Amino acid sequence: MSTQPESLQNAFDRTFAGISQATKAFTPQLAPHEVGQITRVSNGIAAVSGLPGAGYDELLEFPGGVFGIAFNVDEHEIGVVLLGEYSDLHAGDQVGRTGRVMDVAVGDGLLGRVIDSLGRPMDGKGPVASTERLPIERPAAAIMDRAAVNVPLQTGLKVVDALIPIGRGQRELILGDRQTGKTTIAIDTILNQRGKNVLCVYCAIGQRASAVAKAVANLREKGAMDYTVVVVAEGNDAPGLEYITPYAATSIAEHFMEAGRDVLIVYDDLTQHARAYRELSLLLGRPPGREAFPGDIFYIHSRLLERATHLRKELGGGSLTALPIIETEAQDISAYIPTNLISITDGQIYVSPSLFELGVLPAVDVGKSVSRVGGKAQRAAYRAVAGDLKLAYAQFLELETFARFGARLDDGTRKIIEHGRRIRECLKQPESSPVAMSAQIAVLLALSAELFDTVPLDRMADAEHAVQEAATGIPADVAARFETADKLSDEDRKVVTGIARTTLTPFQPKPAPDAKPDAKPDAKPDAKPEAKPEAKPPSPKKP
């Protein structure tokens, strides 16, 4: 019985000896932890003091799980852009450093999801599955890492693919007044990427929640959400969230590009982004410039759009195509923000309100639109007809103004106008109805061959639809050459125009009933000999 207490005592002694040795060997390490405090809070920004080690663009943590980005790093104070609801923040609240910059979740788990700029889900489908994160601000690819733009990005819109082509890796600006169909062009382009191995990112900045919900419902209905990521900052969100949204969306798209995939990103729209940055800059006390925008407003857009590129094959050969949208006021494309983006991008698609009011949809003004890079990537089949088509359409637009004044026109001018009207009718296209490449080329070749010129204008829509359906009967070897850089041979042209001519035969006006009434007036001049004896009597009466 006496051995048990002794063994228990020995066990306790050994335990306490081990603890004393561990405590002697332990050396406490002190880690510095900076804690600042809020000095004032304003609309979407806060002033913080007491963080001497904080750096520019560092992510700071506020009470309630609110984060902010260090924007102004002054000697005694830091101007912070808040990324969330700030109504519960007050002067004196503690602020902590995170030691990292703002980043966002990336990866295939985001496809089909609707998230905000912080990566939080907004579609009610649970948390986002992602194992990797990237900073929202990343340097653009170096010049030596880029490759030429040589592959077209088909939008499914005849007027764009034929006259204003876009290449993969290009930056094409879409601008125009409000409510003229700018977003529709971008959404239709996303819809047309189905089955083309192109991933899409739709970035909504400062849009109404109803407008974003409508766009997402349209994408989901057409099956486009399977390859699309939607990043949203609504109009009632904090201006800081609107500011970082395009950068976060670009990092998501860059992850796919660096994996060797082709990506399309739409910024809808950068006007709201510029206004959010102007609001933040004025609240932080930065000096205003033209139209009250800060001096670096050009830089925030140039560093964003420079990230769109086509990488060389050694880096995977991926591409990032950017379609930024800008809203103009009273058709003034020479305003500050529009001119900035026109100079940054590789071309622009101008959407005209006058064409929109006339019912010409999409209301693309071909004369003010240009693509400086996409022409090199355009397929040879398009290039064979696009030049003549654009010239004929430009001539028509100039001559149409004379026809409105009721001026007498010669036969050649009248023929140009009638041909131009058919071109305009063929370039019309309903919403959410992208046209396949073979159908587009069949219509364009029929236009260049003037096969539509005898079709009445009120039957043009049916005639064009018939040609598009007949394009499915183009031989496979000819249709395969549409996808390559090979030029169309004369035989290929004859095959396509022959199919179009046969299809348009039922739409031609019937000349037989019109010939009979034309013969009657021709017979009347034959009865003129009766007037000759009436003209002879006056001459003998004069003498």
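Considering the conditions (1) in contact with an Asp or Glu (Cβ under 9 Å, 6 or more places away or on another chain); (2) within 18 Å of residue 257 (Cα to Cα); (3) surrounded by fewer than 15 Cβ atoms within 10 Å (Cβ to Cβ), residue 100 is excluded by exactly one of them, (2). Among 50, 44, which is farther than 26 Å from residue 242 by Cα, surrounded by 14 or more Cβ atoms within 10 Å (Cβ to Cβ) and either in contact with a Lys or Arg (Cβ under 9 Å, 6 or more places away or on another chain) or in contact (Cβ under 8 Å) with a residue 12 or more places away in the chain (or both)? Testing whether each residue is farther than 26 Å from residue 242 by Cα, surrounded by 14 or more Cβ atoms within 10 Å (Cβ to Cβ) and either in contact with a Lys or Arg (Cβ under 9 Å, 6 or more places away or on another chain) or in contact (Cβ under 8 Å) with a residue 12 or more places away in the chain (or both) leaves just 50. Within the option set 223, 240, 235, 260, being of a type outside the set (Ser, Thr, Tyr), closer than 22 Å to residue 138 by Cβ and surrounded by fewer than 24 Cβ atoms within 10 Å (Cβ to Cβ) holds for one residue only, 260.
Scanning region 244-295 for residues that are modelled with pLDDT under 95, charged (D, E, K, R) and either in contact with a Leu (Cβ under 6 Å, 6 or more places away or on another chain) or over 16 Å from residue 207 (Cβ atoms) (or both) yields a count of 3.
Being assigned to a helix (DSSP H, G or I), among the charged types (D, E, K, R) and over 20 Å from residue 203 (Cβ atoms) is the filter here, so list the residues in region 297-321 that pass it. Reasoning before the result, please.
As a first pass, look at region 297-321 and keep what is assigned to a helix (DSSP H, G or I): 297-305, 313-315.
Applying the additional criterion that residues be among the charged types (D, E, K, R) yields 303, 313-314.
Listed by number, the residues that qualify are 313, 314.
Considering 271, 328, 309, the condition of being touching a residue at least 60 places away in the same chain (Cβ under 8 Å) and within 19 Å of residue 138 (Cβ to Cβ) is satisfied by 309 alone.
Conditions (1) hydroxyl-bearing (Ser, Thr, Tyr); (2) within 37 Å of the chain's Cα centre (by Cα); (3) part of a strand (DSSP E or B), marked per residue:
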residue: 47; (1), (2), (3): no, yes, yes
residue: 53; (1), (2), (3): no, no, no
residue: 90; (1), (2), (3): no, no, no
residue: 95; (1), (2), (3): no, no, yes
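Just one of (1) surrounded by fewer than 20 Cβ atoms within 10 Å (Cβ to Cβ); (2) closer than 30 Å to residue 147 by Cβ fails for residue 385. It is (1). All conditions in (1) buried (at least 22 other Cβ atoms within 10 Å of the Cβ); (2) in contact (Cβ under 8 Å) with a residue 24 or more places away in the chain hold for residue 317, with the sole exception of (1).
For residues that are over 24 Å from the mean Cα position of the chain (by Cα) and in a loop (DSSP other than H, G, I, E, B), scanning just region 412-459, find the one that is surrounded by the fewest Cβ atoms within 10 Å (Cβ to Cβ). Full working, then the answer.
Taking region 412-459 as the starting set, the residues that turn out to be over 24 Å from the mean Cα position of the chain (by Cα) are 412-423, 425, 442-459.
Filter once more, so that each one left must be in a loop (DSSP other than H, G, I, E, B): 449-456.
Numbers: 449: 16, 450: 13, 451: 22, 452: 26, 453: 13, 454: 13, 455: 19, 456: 10.
Taking the candidates together, the pick is 456.
Residues in region 177-198 that are under 13 Å from the mean Cα position of the chain (by Cα) and not in a loop (DSSP other than H, G, I, E, B): 10 in all. Scanning region 269-296 for residues that are part of a loop (DSSP other than H, G, I, E, B) and crowded, with 16+ Cβ neighbours inside 10 Å yields 269, 284, 286, 293.
The values are calculated or read from the model by the stated rules, or taken from the named source; none is laboratory data. Fair warning: this is a prediction, and the values are worked out from it, not measured in the lab. Note: ideal-geometry Cβ built from the backbone for every residue, glycine included; neighbour counts use all protein chains shown.
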